[in-house]
1. Would you kindly calculate the mean projected area, averaged across all directions, of the convex hull enclosing the Cα atoms of region 86-231, in square nanometres?
2. Show that you can apply the helix-only estimate: for the chain, add -39,500 (n - 2.57) for every DSSP H stretch of four or more residues, divide by all residues, and state [θ] at 222 nm to the nearest 500.
3. Taking H placed 1.01 Å from N in the peptide plane, check which residues at least 5 places from Ile170 or on another chain put their amide H under 5 Å from its amide H.
4. Using label points projected 7 Å from each Cα along Cα→Cβ, tell me how many nm separate Arg82 and Lys398, to one decimal.
5. What is the log10 of I(q)/I(0) for region 150-257, computed with the Debye formula using one identical point scatterer on each Cα and no solvent, at q = 0.12 Å⁻¹?
6. Around Asn149, with a cut-off of 12 angstrom between Cβ atoms, what is the net charge of the other residues, counting Lys and Arg +1 and Asp and Glu -1?
7. Please identify the helices of the chain, taking whole runs of DSSP H, that span at least 18 Å along their own axis as judged from the Cα atoms and have a mean Kyte-Doolittle score of -1.0 or higher.
8. Aspartates and glutamates within cross-link reach of Lys374: Cα-Cα under 12 Å, excluding same-chain residues under 8 positions apart?
Amino acid sequence: MLCLTLTGQTMEENMEILARNRSFVSMAELRLDLLDCEDPKQMSLIKSFEHDSGIPVILTCRRKTDGGLFDGSERKRNSILRKALEGGFSYIDLELDTKKAELEEYAKARGTRIIRSFHDFSGIPENTFSTISKIQAKGEIPKAAVMINGIQDLITLYKVREASSGKEMIIVGMGQYGVPSRILYRKFGSMLMFCSEKDTGNTGILTPSAMKQLYHADSIDFRTTVFGLVGNPVSHSMSPAIHNSGFEKIKFNAVYVPFLVDNVRSFFHFAEKLQIGGFSVTIPHKIAILPYLGRSSREVKQIGSCNTVVREGACWKGSNTDYYGFLSLVENDIANGKIQSAIIIGAGGAARAIAYALRNRKVNVLILNRTLEKAKALAESTMSSYDSLENASLYSGKADIIVQATSVGMNDEDADAAPNLKLTGHETVCDLVYSPAETAIIRRAQASGCRIIHGMDLLLAQGYLQFESFTGFKYP
Ligand code: NAP
């Protein structure tokens, strides 16, 4: 079940939020701490909310200490919850450290299930496992909302499922490291997951449309194969949109999840626990994962960096689809002689893959980089020439293809890594930066009449190849 946390300040606003998201969710959480419960009209709408909405509702009045807004007395909170309960609700969320015997009896008598929650914004409390078992033994539903501070915590959270032997519980991993526990909530043994239009407390909560349409989180079952992106950061990535829509189109039971990874070794441990089928790798882990691969393709060994990993029998196999993705875009022009010489701007990881791809196809390469030593090192290992980026103007009109492989221009449409490198119109210009789509160098290339390869073209080309490695099928 996907549960929509309603963050409106009035019940009218909450009705609108629910109406907008009704097709994505099957239940809702009503946060009394965000509402004016002293207003009789609001209280009347609160009471009839479950009836009016037609879906099960969790009634909550969250204290400030638990991440909510209620800062009145416990007596007051008790009385608000008691009054609201009169309307009839499927669930009431009461914290572990609040004893409200009368309210609890009243809730039980009305058929309202008690969710017994505990929140920890610093990490996973040591007694989490035993606390969950004790709550379950009382016939209540435990809810643990705990901060996940790294992949190791995610492994600990996953183990809760193993200890709970299939009984009802709600497990929420908060923070950016906890996002996989939200998407994969059914694999983590949680009976439901919250989603919200707003992430007010930076808890990593996802929107209803992301949970339902992008990740199909409520359809994930024990047969669903998990794929993902390993990097830091990962929240900006377009890869989940590429892969999940591909899986959906070919009806492949799989999900692609962004994994924020602080420690590659721990991630491999987690990947074994979850039997992850494969993953993409991005900055800064493309080199750090190499020692964990049982097999590597030829180009990974040559470039020394890997962006695609798939499970192959008992081991992990690495390949580099930046390399093949780029080649797929220029192969024909190399074959028919249109591309014989290249300038690569940059000497980082992406420039490295492209330099090897071009040199392996016998294209002459010149590397221009801000830091000369890095240009020199890459040039020596690929048998290319090099120079400082400052001297770019000397090479105007001297190459068939110019590949902009620095991060300059990312989120800044006016930044140009080599403004003095003049374009004649006969070159192909490729900018690896894909956001914005029209960078400064791409606009110059358009104005000069050059053939253009956008960063998005490469992103998709390498993504399609990854999809093929993951599923064995062509991208639809
Ligand atoms: P990286 O390893 O960190 O390398 C960054 C490169 O950018 C280095 O050559 C660095 O020069 C240069 N650079 C950074 N800031 C600069 C500045 N202000 N002026 C001049 N040069 C500067 O990163 P990467 O993995 O190679 O990625 C580079 C870009 O390609 C990123 O924007 C990435 O998103 C994009 N990319 C896109 C795709 C795609 O599919 N479209 C695939 C891979 C990468 P120094 O050596 O002097 O520091």
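The values are calculated or read from the model by the stated rules, or taken from the named source; none is laboratory data. Just so we're clear, the structure is a prediction, and the values are computed from it rather than from any experiment. Cβ placement follows ideal geometry from the backbone for every residue including glycine, while neighbour counts extend to all protein chains displayed. Quick note on the areas: whole protein, heavy atoms, side chains included, nothing else; ligands and nucleic acids left out. Shrake-Rupley method; radii C 1.70, N 1.55, O 1.52, S 1.80 Å.
1. Across all orientations, region 86-231 yields a mean hull projection of 9.8 nm².
2. -10500 deg cm²/dmol, from helical runs alone.
3. Here Lys143, Ala144, Met191 satisfy the definition.
4. 8.5
5. -0.39
6. -3
7. The qualifying helices are 151-164, 321-335, 455-471.
8. Asp387
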